[in-house]
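Written below as structure tokens is the structure these notes are about.
The values are calculated or read from the model by the stated rules, or taken from the named source; none is laboratory data. If you're wondering where the values come from, they're calculated on a predicted model, not measured in any experiment. Cβ coordinates were reconstructed from backbone atoms using ideal geometry, including for glycine residues, and neighbour counts include every protein chain displayed. When the accessible area is computed, the model is the full protein with side chains, heavy atoms only, and any ligands, DNA or RNA have been set aside. Shrake-Rupley method; radii C 1.70, N 1.55, O 1.52, S 1.80 Å.
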Amino acid sequence: MSVHVQNTRMTTAKIRQMKQNGEKIAMLTSYDFTLASLVDEAGIDMLLVGDSASNVVCGNQYTLPITLDEMIFLTKGVVRAAQHALVVCDMPFGTYQISEEEAVRNAVRVMKESGCDAVKLEGGEEILPAIRHMVQAGVPVMGHLGLTPQSVNQFGGYGLRAKENAEADKLLHDAKLLDQAGCFSIVLEKIPAALAEKVTKAVSCPVIGIGAGNGTDGQVLVLHDMLGLNQGFKPKFLRHFAKMAEEVKSAVGDYVNAVKDASFPNAEESY
Ligand code: KIV
């Protein structure tokens, strides 16, 4: 007996086709069922359960401490919310660098336990064997080049990457290798716009930018940043599409006052 399921969900093939059609791709991070449901309903193409969860969900300074178990836990909620969007889960620091075998084992675990559609890995040539093994195992992989926050201790900060020719040349070379290895998409973070456009034209897979100008095939932002929830974080590339921190504080302030002056709950709000 065959089970026929009508599939209106995004696939990696549809994401690739969007580049061919010249259609821009919109991606946002998400870390929980409730917000992911709203983002999905609003028409996002891809939901990224980023390891930025380490910062915005867990309050860590860096992305490095978040674990595979924690990423799987968060991704399960986002997968349950996604009716349309493709769900990508970030492989955390230390889960794909040690050996190809361990990388594939961890990626397969993420796919099986969270139900996500793809995984994302930071790095170029140095992690190519891991990417090749994952792709051979049937795991769709999104690459990530430029500012790769898991390497913050090597970079010494979150500044613009690939300003100098040598680093720009390596980034272009790495992007071509990731494309040839079968990555279905590549994120470029915080690099000059001209370089991002050059890379986008040089590879066949879609390129998604963050702080990489408008010449890429799509854009990604951290949801909490673009909603204006993350107070005090306003790099040049970030646009606040809402002022949610103010909204939340005002609503909570109103609630606190209503509890204190005993106007909440009123008769209609009581049984
Ligand atoms: O973890 C994350 O949120 C990311 C995006 C910034 C691309 O990797």
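The table below gives the values:
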| item | result |
| --- | --- |
| Conditions (1) away from the ligand (no atom under 16 Å from the Cβ); (2) touching a residue at least 24 places away in the same chain (Cβ under 8 Å); (3) not basic (Lys, Arg): number failed by LEU38 | (2) |
| Residue among VAL57, VAL78 that alone is touching a strand residue (DSSP E or B) at 6+ places or on another chain (Cβ under 8 Å) and among the hydrophobic types (A, V, I, L, M, F, W, C) | VAL78 |
| Of residues in the range 70-87 being free of Cβ contacts under 8 Å to residues at least 60 places away in the same chain and of a type outside the set (A, V, I, L, M, F, W, C), the one most open to solvent (accessible area, probe 1.4 Å) | ARG80 |
| Subset of the range 9-41 (residues that are among the small types (Gly, Ala, Ser) and either crowded, with 20+ Cβ neighbours inside 10 Å or in contact with a strand residue (DSSP E or B) (Cβ under 9 Å, 6 or more places away or on another chain) (or both)) | ALA26, SER30, ALA36 |
| Residue among LEU171, LEU178, LEU188 that alone is in contact (Cβ under 8 Å) with a residue 40 or more places away in the chain, open to solvent by less than 80 Å² (accessible area, probe 1.4 Å) and not in a helix (DSSP H, G or I) | LEU188 |
| Filter result for ILE44 (within 16 Å of the ligand (Cβ to nearest atom), in a loop (DSSP other than H, G, I, E, B) and within 25 Å of LYS201 (Cα to Cα)) | yes |
| Candidate set: the range 206-216, residues that are farther than 17 Å from THR148 by Cα and buried (at least 22 other Cβ atoms within 10 Å of the Cβ); chosen: the one nearest to the ligand (Cβ to nearest atom) | THR216 |
| Among the candidates HIS224, HIS240, residue that is outside any strand (DSSP E or B), open to solvent by 20 Å² or more (accessible area, probe 1.4 Å), out of contact with any Ser or Thr (no Cβ under 9 Å at 6 or more places or on another chain) and under 27 Å from CYS89 (Cβ atoms) | HIS240 |
| GLY123, sole failed condition from (1) more than 14 Å from the ligand (Cβ to nearest atom); (2) assigned to a loop (DSSP other than H, G, I, E, B) | (1) |
| Options MET142, MET91, MET111: the member that is away from the ligand (no atom under 16 Å from the Cβ) and either surrounded by 14 or more Cβ atoms within 10 Å (Cβ to Cβ) or within 26 Å of PHE33 (Cα to Cα) (or both) | MET111 |
| Test: residue in the range 129-138 that is under 18 Å from THR216 (Cα atoms), open to solvent by less than 40 Å² (accessible area, probe 1.4 Å), in a helix (DSSP H, G or I) and out of contact with any Ser or Thr (no Cβ under 7 Å at 6 or more places or on another chain) | no |
